[in-house]
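The values are calculated or read from the model by the stated rules, or taken from the named source; none is laboratory data. What you are looking at is a predicted structure, and each value in this text was computed from that prediction instead of being measured. Cβ: placed from backbone, ideal geometry, glycine included. Neighbour counts: every protein chain shown. Side chains included, ligands, DNA and RNA excluded: accessible areas come from the protein's heavy atoms. Shrake-Rupley method; radii C 1.70, N 1.55, O 1.52, S 1.80 Å.
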Amino acid sequence: MKIAIVTDTWLPEVNGVVVTMQHTVQELTARGHDIVLITPNGFRTIGMPGYRTIRLALFPKHGVARMLDAEQPDAIHISTEGPLGLAARRYCLDRKLDFTTCYHTRFPEYVRARAPVPLGVSYAWMRRFHRPASRVMVSTRSLARDLTAYGFGNIVLWNKGVDTELFRPREKRELNGEQPIWMYVGRVAVEKNLKAFLSLELPGTKYVVGDGPDLEMLKARYASARFTGFLLGQDLARHLASADVMVFPSRTDTYGLVQLEAMACGVPVAAFPVTGPLDIIEQGVTGFCDEDLRRAALACLELDGTRCRDYALKHGWGQVATQFLDYMVPASPARERLAG
């Protein structure tokens, strides 16, 4: 099958969307499927306001149409709601083609963290974007319930996976600072709620692994914490495996793939009881969810890392790709289009 995947974020950017789609593409390609990737790399781009390292395609409508016309894919999947996603959506609507989408990111909450835009306004726009899709893939049951309450339809569950060969228990390397080691891994930005982690009174040393627009501000404000900057591959896996507890303070993630990566390393996770952590963390086994994040973090010190590893081993990328393939619909003229 030839599948066109349209995404507004791709390598060299690294985030949950990129990791998920990259592994899915690798699995599908290995099975003989022809994957056509439409990413910002093929267009003139501009830095996203407030996060300049994310590059958005400039005026991609005609370029996207030319690529899809040339490739004539059997199925079209729109992964993101940015300029490329909008262009592909318009292409499908104009030609009355079926397509699928995915709700990876809680943009309404991200926007509200930066500007006084009511959630209802942002969700209305997102609902309109996804409404014509034959299937809207979401990663957790909690997110499915949330979106259903906002009036979304055609929702299906699409699980996430983890590379258990890269992320695995290792001999803990000597990280600077007193034990225990508390670690956050991910984007360093306001929507990740890092202050909730860095302000906790905990014994030992806090580590922040990642980069983003708030990095310098947080380094100045929390001088006792260690900030490694962006890490990738083996360096990231070794750091994560050397932590005692991974603290995930975000209240806005749809999933939080790094939680599975930590568990694969035998590291329990402390988080708030919100969408994402509630769906991933097995309470008292692979971590703790608690409105008292300090209490959750301290309780994680008593957990058995082997049980975290056992949980992660059940989440391979192969089954994720199979599920994705099952959700594809032929890019043939739709019986009836909803609102354009």
The range 220-268 to the range 22-76: how many Å between their Cα centroids?
28 Å
Dipole check, the chain, charges on Cβ (K,R +1; D,E -1), about Cα centroid: among 240, 207, 119 the Cα furthest to the positive pole belongs to 119
Filtered pair list for the chain (Lys only, Cα < 18 Å, 8 or more apart or interchain) has a length of 8
I need the trypsin sites (Lys or Arg not before Pro) found in the range 235-305, filtered to DSSP loop residues with at most 10 other beta carbons within 10 Å of theirs.
none
Quick one: with all protein chains in place, what share of the accessible area of the range 1-92 is carbon or sulfur, to the nearest percent (1.4 Å probe)?
56 percent
Dipole magnitude of the range 142-206, debye to nearest 20 (Cβ charges: Lys/Arg +1, Asp/Glu -1, about Cα centre):
80 debye
With Rg from the Cα atoms and Rh as the Kirkwood inverse mean 1/r over Cα pairs, the range 84-125 has an Rg/Rh of 1.10
Name the most mobile residue of 263, 217, 67, meaning the one with the largest mean-square fluctuation, in a Gaussian network model of the chain with Cα contacts below 10 Å.
217
What's the ranking of 181-191, 279-289 by average number of surrounding C-beta atoms within 10 Å, highest first?
181-191, 279-289
Along principal axes, largest first, the alpha-carbon spread of the chain in whole Å comes out as 61, 43, 36
How many nm is it between the label spots at residue 62 and residue 302, if each spot is 7 Å from the Cα in line with the beta carbon?
6.6 nm
Rounded if a/c under 1.5, otherwise prolate or oblate - the range 270-340, Cα gyration tensor axes:
oblate
For the chain, with only Lys/Arg (+1) and Asp/Glu (-1) charged at the beta-carbon, what is the dipole magnitude about the Cα centre, in debye rounded to 20?
1000 debye
Could you do me a favour and compute the accessible area per residue for the chain, 1.4 Å probe, result in Å²?
44 Å²
Placing +1 on each Lys and Arg Cβ and -1 on each Asp and Glu Cβ in the range 18-76, then taking the dipole about the Cα centre, the residue among 42, 68, 32 whose Cα reaches farthest towards the positive end is 42
Please report the carbon-and-sulfur percent of the accessible area for the range 126-249; probe 1.4 Å, protein heavy atoms only, DNA, RNA and ligands left out.
45 percent
Tell me which of 312, 327, 273 sits at the most positive position along the dipole axis of the range 271-340, charges placed on C-beta atoms (Lys, Arg +1; Asp, Glu -1).
327
Say we join alpha carbon atoms closer than 10 Å with springs in a Gaussian network model of the chain; which of 133, 57, 262 then has the biggest fluctuation?
57
Based on Cβ point charges of +1 for Lys and Arg and -1 for Asp and Glu, what charge dipole magnitude is obtained for the range 1-111 about its Cα centre, in debye rounded to the nearest 20?
300 debye
Here FRET efficiency (C-beta to C-beta, residue 117 to residue 171, R₀ 51 Å, nearest 0.05) is 0.60
Between residue 332 and residue 156, how high is the FRET efficiency from 1/(1 + (r/R0)^6) when r is the Cβ-Cβ distance and R₀ = 22 Å? Nearest 0.05.
0.70
